[in-house]
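These notes concern the structure reproduced below.
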Amino acid sequence: MRIVVLAGGIGGARFLRGLQRAVPDADITVIGNTGDDIHLFGLKVCPDLDTVMYTLGGGINEEQGWGRADETFHLKEELAAYGLGPEWFGLGDRDFATHIVRTQMLGAGYPLSAVTEALCDRWKPGVRLIPMSDDRVETHVAVTLPERDPAGAAGERKVIHFQEYWVRLRASVPAEAIVPVGAEQAKPAPGVLEAIAGADVILFPPSNPVVSVGTILAVPGIREAIAEAGVPVVGLSPIVGDAPVRGMADKVLAAVGVESTAAAVAEHYGSGLLDGWLVDTVDAGSVERVEAAGIRCRAVPLMMSDLDATARMAREALALAEEVRTP
Ligand code: FO1
């Protein structure tokens, strides 16, 4: 079975581990979000691609869901000693090696998709990981700076990099606008449209529907390819009981005028894209509203508490896909 998954960071990576457990013989292609990418110390950092690669390759820091296990931060400390910022983004020594290899290969002219393939040669994630685009896309967020913020005057309106909003500000102020800079000019990376066209099923894991899955869909051609693929598209809600399971998805959902509920996220994706939607059992009351939006809906446990629980979720998603598959 050929499965295509649009994945962001931590939630997407954890779901993929359960999917691999559920269907070990499946051919899984992951289209990875690159809108979270950031250039630091002259290096290109790809948080969502690395989180998938490390999580499935066995190198992830399990508690954090990002960065490497057994990490040290000597390089970060030395850079700070020289006054070279930013200090708010925790790049570890082992992680730096990934960014140095990536940046060196990009500098030699390899596209991000080829670089990602080369990095995966080491990590062997067991899926084909393709960035959504080889072109630079970086999500920025418009905010009104909080009091006494070092980045500017209190109350000053500013557009900052997503990572600064997410990591330095901890999404503590509302996101007034979310802008995937460069998305309009970006082209799907080689293999992306082919994978979608050749899929038997397409899954939206419990990743952030705005800054992860939403950014992937913002690359011209990807949303259309999925809508026209003619195979089941099934998503799993990242919102359980009106709150994001992890992260701060509610902050960015508000920015695009979507309430933080499982049903609202399904409606946000729309029946033109989604054929099926899984909500958690606590949100069983929203099944009717999702079905009224033309999207088949089932309520099943959606907490990825361990690998078996995640594998069960993946099986439920694949079962729903067969239910909605039109001959
Ligand atoms: N997230 C944090 O909350 N704090 C960090 O210091 C941090 C550093 C970091 C370094 C490399 C990397 O690949 C990810 C990192 N993240 C950090 C997570 C990152 O902000 C998120 O994983 C995604 O961008 C959102 O899904």
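The values are calculated or read from the model by the stated rules, or taken from the named source; none is laboratory data. Remember, predicted model here, so these are calculated numbers, not experimental data. In this analysis, Cβ positions are derived from the backbone assuming ideal geometry, glycine residues included, and neighbour counts consider all displayed protein chains. The area values use the complete protein model at the heavy-atom level, side chains included, leaving out ligands, DNA and RNA. Shrake-Rupley method; radii C 1.70, N 1.55, O 1.52, S 1.80 Å.
The condition of being surrounded by 17 or more Cβ atoms within 10 Å (Cβ to Cβ) and either among the β-branched types (V, I, T) or not in a loop (DSSP other than H, G, I, E, B) (or both) holds for only one of L273, L320, that being L320.
Do you know which of the residues in region 30-56 that are more than 9 Å from the ligand (Cβ to nearest atom) and of a type in the set (S, T, N, Q) is surrounded by the most Cβ atoms within 10 Å (Cβ to Cβ)? Top of the filtered list is T34. Residue count for region 285-317, restricted to those that are among the hydroxyl-bearing types (S, T, Y) and either surrounded by fewer than 17 Cβ atoms within 10 Å (Cβ to Cβ) or closer than 14 Å to V23 by Cα (or both): 2. Any idea which residue in region 164-208 is farthest from the ligand (Cβ to nearest atom), counting only those that are in a helix (DSSP H, G or I) and among the β-branched types (V, I, T)? Restricting to residues being in a helix (DSSP H, G or I) and among the β-branched types (V, I, T), the top hit is I196. Only one of the numbered conditions (1) within 18 Å of D36 (Cβ to Cβ); (2) assigned to a loop (DSSP other than H, G, I, E, B); (3) within 15 Å of the ligand (Cβ to nearest atom) is not met by I160, and that is (2).
Across region 209-222, what is the number of residues that are farther than 10 Å from L193 by Cα and part of a helix (DSSP H, G or I)?
Here is the first cut: in region 209-222, the ones farther than 10 Å from L193 by Cα are 209-220.
Keeping just the survivors that are part of a helix (DSSP H, G or I) gives 213-217.
Matching residues across region 209-222 total 5.
The residues of region 142-151 that are outside any strand (DSSP E or B), open to solvent by 10 Å² or more (accessible area, probe 1.4 Å) and on the phi < 0 side of the Ramachandran plot, listed by number, are P146, E147, D149, P150, A151. Looking across region 1-29, just one residue is away from the ligand (no atom under 11 Å from the Cβ) and within 19 Å of P180 (Cβ to Cβ), and that is L6.
Pairs meeting the criteria (first residue in region 129-141 and part of a loop (DSSP other than H, G, I, E, B), second residue among the charged types (D, E, K, R) and open to solvent by 10 Å² or more (accessible area, probe 1.4 Å), beta carbons under 7 Å, at least 6 apart or on different chains) are D135/K187. In region 299-325, the residues that are touching a residue at least 40 places away in the same chain (Cβ under 8 Å) form Cβ pairs under 6 Å with partners that are surrounded by fewer than 17 Cβ atoms within 10 Å (Cβ to Cβ) and in a helix (DSSP H, G or I), at six or more places apart or across chains, as follows: L307/R21; A311/R21.
Of all residue pairs spaced 6 or more apart or on separate chains, those with beta-carbon atoms under 8 Å, a first member in region 74-92 that is more than 24 Å from G59 (Cβ to Cβ) and a second member that is in a loop (DSSP other than H, G, I, E, B) are A80/E87; L84/F41.
Quick one: in region 209-221, which of the residues that are open to solvent by 10 Å² or more (accessible area, probe 1.4 Å) and of a type outside the set (A, V, I, L, M) is nearest to the ligand (Cβ to nearest atom)? Out of the qualifying residues, it is G214.
If you filter region 60-94 down to residues that are among the small types (G, A, S) and more than 12 Å from the ligand (Cβ to nearest atom), you find that the one that is most open to solvent (accessible area, probe 1.4 Å) is A81.
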